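Notes follow once the structure below has been shown.
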Amino acid sequence: MDFYSNPHNLIPRENNYVLNNKLLSIHSEDRDINKWPESNHFEIELPQTVTNVQSIQLVKIHLPGNQYTFSNNQQNTKLSFYLIPNKYNNISLQLALEANNNVPFNITIREGYYSPAEMANELENLMNQEVTRFLIEDASLNNSIVYDKFKVHYDRVGMKLFFGNTHDNFSFPFDKQIHYDVSCSKFAINNDEVWNRYTNWGLGSYLGFNKSAYKGIEITKPYYFNYANTMWLSPDTLDISDNSIAKAYYIESSFTVNIFGDTCIYMDMDKYNTIDELVPFSKETSNLYNNDYGGKVNSAFAKIPIMSNNNNYYLASNNDFLSNISSYNPIINNIKKLKFKFRYHDGRLVEFKESNFNFTLCFSELREEIKSNYNVRIPGGYN
């Protein structure tokens, strides 16, 4: 027998572990506001270090329901249009509009969240107001002129927007990029990337239009929406010049409106992400060269569905809707700090508008189990 050999092998030690769940409640106001002025991106230090972490789960979250679909930072609030005037009895009015034939009118909708009908009213009023403003500033005209020829209607059946004018033709240059001043924005990706998307490239995309130039279709009879039993657009016979035929013009959006915004929010947790994502807006995935297919590994920690966004105070999600548990092998020895980011799939940070929110994380820790024998005497009163 070898002198150094041991015929009696030691029995390997088997440790028993118990899984302990530790909950952590986090509020957006827990952050250091001087370091993290915006609540969509911040870091916190844990009250105590969690150790031997086998998994982390987002078990509940309450987010403010005031995320704007339209904002300057998201570069979807501006619209340009050209007016192509017909003949007017008022020659000065006609000459003023004709002089501006090749100059676009520009409007900016109010930031916020719209229903389709509210969007139609906003656009109609702003377009008329912009032409009125131009006419009032013209020194050759009576400054009491009010332009009210534009009509915008949301077709509830077709779910499209109809733009009309009772007298003048008009066009939308959706093939031209509109620039936004977002150089200091903390929320949006740069303007060129937004414009180069094939969807959500600007306000026109949300309204159902392509990146193309649109010109009004001429009609000489009223336009009806039969399901509503109402006449929407009729040629204006009051301002036409002698021997002219009254005409109206309209433009119908190519697609249904898409103004309700994103349906989910991604929560990133630095160092602990486990969800993979694809890179959006690919157009050349079949090319041998300059292939723009892409994916992101471990890019998010949780995907949070937006259950409702009808101007409610809060959106609430819980375990019935969250798919967000992250397991780690090997286990994480200790966690002292956590850094969060709340964004949309395309990288835009969520605008919470200074509203507070909160969420709860569950850490599953592996604790070594120490077997103990307890002799318990139960007093008579407990029987």
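The values are calculated or read from the model by the stated rules, or taken from the named source; none is laboratory data. Everything numeric in this text was worked out from a predicted model, so none of it was measured. Neighbour counts run over all protein chains shown; Cβ positions are idealised from the backbone, glycine included. For accessibility, only protein heavy atoms count, side chains too; no ligands or nucleic acids. Shrake-Rupley method; radii C 1.70, N 1.55, O 1.52, S 1.80 Å.
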Notebook entry, point to check: With (1) among the polar types (S, T, N, Q); (2) more than 19 Å from GLY65 (Cα to Cα); (3) within 24 Å of the chain's Cα centre (by Cα) as the list, and ASN375 as the residue in question, which single condition is left unmet?
Noted result: (3)
Check: Are any residues in segment 347-368 basic (Lys, Arg) and buried (at least 19 other Cβ atoms within 10 Å of the Cβ), and if so, which ones?
Finding: ARG348
Next item on the list: Any residue in segment 194-212 that's within 18 Å of ASP181 (Cβ to Cβ): show its pairings with residues that are open to solvent by less than 10 Å² (accessible area, probe 1.4 Å) at Cβ separation under 6 Å, as long as the two are six or more apart or on different chains.
Entry: VAL194/GLN75; GLY202/ASN76; LEU203/ASN76; LEU203/LEU79
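Residues are listed down the side, and each one gets a yes or a no for (1) among the charged types (D, E, K, R); (2) crowded, with 16+ Cβ neighbours inside 10 Å; (3) in a helix (DSSP H, G or I); (4) out of contact with any His (no Cβ under 6 Å at 6 or more places or on another chain):
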| residue | (1), (2), (3), (4) |
| --- | --- |
| GLU193 | yes, no, yes, yes |
| TYR198 | no, no, no, yes |
| TRP201 | no, yes, no, yes |
| TYR224 | no, no, no, yes |
Next item on the list: State all residues of segment 259-284 that are open to solvent by 70 Å² or more (accessible area, probe 1.4 Å), assigned to a loop (DSSP other than H, G, I, E, B) and more than 19 Å from GLU351 (Cα to Cα); if no residue qualifies, say none.
Entry: ASP270, LYS271, LYS283, GLU284
Note to self: Which of the numbered conditions does ARG110 fail, given that it passes all the others? Conditions: (1) surrounded by 16 or more Cβ atoms within 10 Å (Cβ to Cβ); (2) at pLDDT 90 or above; (3) not hydrophobic (A, V, I, L, M, F, W, C).
What the structure shows: (1)
Notebook entry, point to check: Which members of segment 285-310 meet the condition of being of a type in the set (A, V, I, L, M) and either open to solvent by less than 20 Å² (accessible area, probe 1.4 Å) or modelled with pLDDT of 85 or more (or both)?
Noted result: VAL297, ALA300, ALA302, ILE304
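If only one of ASN121, ASN210, ASN128 is modelled with pLDDT of 95 or more, open to solvent by 40 Å² or more (accessible area, probe 1.4 Å) and more than 26 Å from TYR227 (Cα to Cα), which one is it?
Residue meeting the stated conditions: ASN210.
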Notebook entry, point to check: Does segment 325-375 hold any residues that are in a loop (DSSP other than H, G, I, E, B) and over 30 Å from GLU111 (Cβ atoms), and which are they?
Noted result: ILE325, GLU369, ILE370, LYS371, SER372, ASN373, TYR374, ASN375
Next item on the list: Considering each of SER92, SER80 in turn, give the residue that is of a type in the set (S, T, N, Q), open to solvent by 10 Å² or more (accessible area, probe 1.4 Å) and in contact with a Pro (Cβ under 6 Å, 6 or more places away or on another chain).
Entry: SER80
Item checked: Criterion: at pLDDT 90 or above, touching a strand residue (DSSP E or B) at 6+ places or on another chain (Cβ under 8 Å) and within 23 Å of TRP195 (Cβ to Cβ) - qualifying residue of ILE259, ILE275 -> ILE259
